[in-house]
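The structure appears below as structure tokens.
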Ligand code: SAM
């Protein structure tokens, strides 16, 4: 079984017009994705943000829920938030987590997709760790997806509904369950 971490990227990500921008960290993402990451056995949940004040915001949330008053009130949430890490860049995540395969996700099809059953088998095999990347705003920028070791297919209904732009929280939970559930 490969060691893996979930990575939520806030820069570089795409904006509405396809420009590259930096998105703001959302408190909900921190809690929800940490709970999914803990549920499915991730070694860590990284939030990537170039702005120190944004990373400090996450560090304060984590401190509140792991050592502060809420840790005593809701111990189970503490177990989830203990996975949370912040780094300024994807390169810094790799420097900390170690050389890893980079697996991409997107609501739109990326090049050379690997289906979920095959990706699941790779995760269950021996080999380098995996960083499972999720975007924010309008998705991961091309300079990130170009680094892909593997790209997962977009989640979509078996019967096309004409819509598949899930929240990153929902997409992460579904993808983790497809890979590890
Ligand atoms: N238009 C963007 C895209 O194509 O990914 C939607 C971005 S969505 C708000 C933020 C992130 O959630 C995406 O970068 C991706 O990681 C994930 N995501 C959202 N919908 C998804 C889907 N249908 N399949 C796979 N991942 C999805």
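What number of residues in segment 134-147 are touching a strand residue (DSSP E or B) at 6+ places or on another chain (Cβ under 7 Å) and more than 12 Å from the ligand (Cβ to nearest atom)? First the steps, then the outcome.
Quick first cut of segment 134-147, residues touching a strand residue (DSSP E or B) at 6+ places or on another chain (Cβ under 7 Å) only: 134-141, 144-145, 147.
Add one more test, that the residue is more than 12 Å from the ligand (Cβ to nearest atom), and what stays is 147.
Adding up the residues that qualify gives 1.
Would you confirm, using the coordinates I've provided, whether residue 161 is in a loop (DSSP other than H, G, I, E, B), within 12 Å of the ligand (Cβ to nearest atom) and over 15 Å from the mean Cα position of the chain (by Cα)? Criteria met by residue 161. Within segment 87-102, is even one residue in a loop (DSSP other than H, G, I, E, B), at pLDDT 95 or above and either within 14 Å of the chain's Cα centre (by Cα) or surrounded by 16 or more Cβ atoms within 10 Å (Cβ to Cβ) (or both)? The answer is yes; a qualifying residue exists.
To keep it simple, each residue is scored yes or no on (1) at pLDDT below 95; (2) within 17 Å of residue 129 (Cβ to Cβ); (3) part of a loop (DSSP other than H, G, I, E, B); (4) out of contact with any helix residue (DSSP H, G or I) (no Cβ under 6 Å at 6 or more places or on another chain).
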| residue | (1), (2), (3), (4) |
| --- | --- |
| 11 | no, no, yes, yes |
| 31 | no, no, no, yes |
| 36 | no, no, no, no |
| 47 | no, no, no, no |
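All conditions but one from (1) under 23 Å from residue 177 (Cβ atoms); (2) at pLDDT 95 or above apply to residue 15; the one that does not is (1).
The values are calculated or read from the model by the stated rules, or taken from the named source; none is laboratory data. The structure displayed is predicted, hence computed values, not measured ones. When we count neighbours, we look across all protein chains shown, and the Cβ atoms used for this are built from the backbone with ideal geometry, even at glycine.
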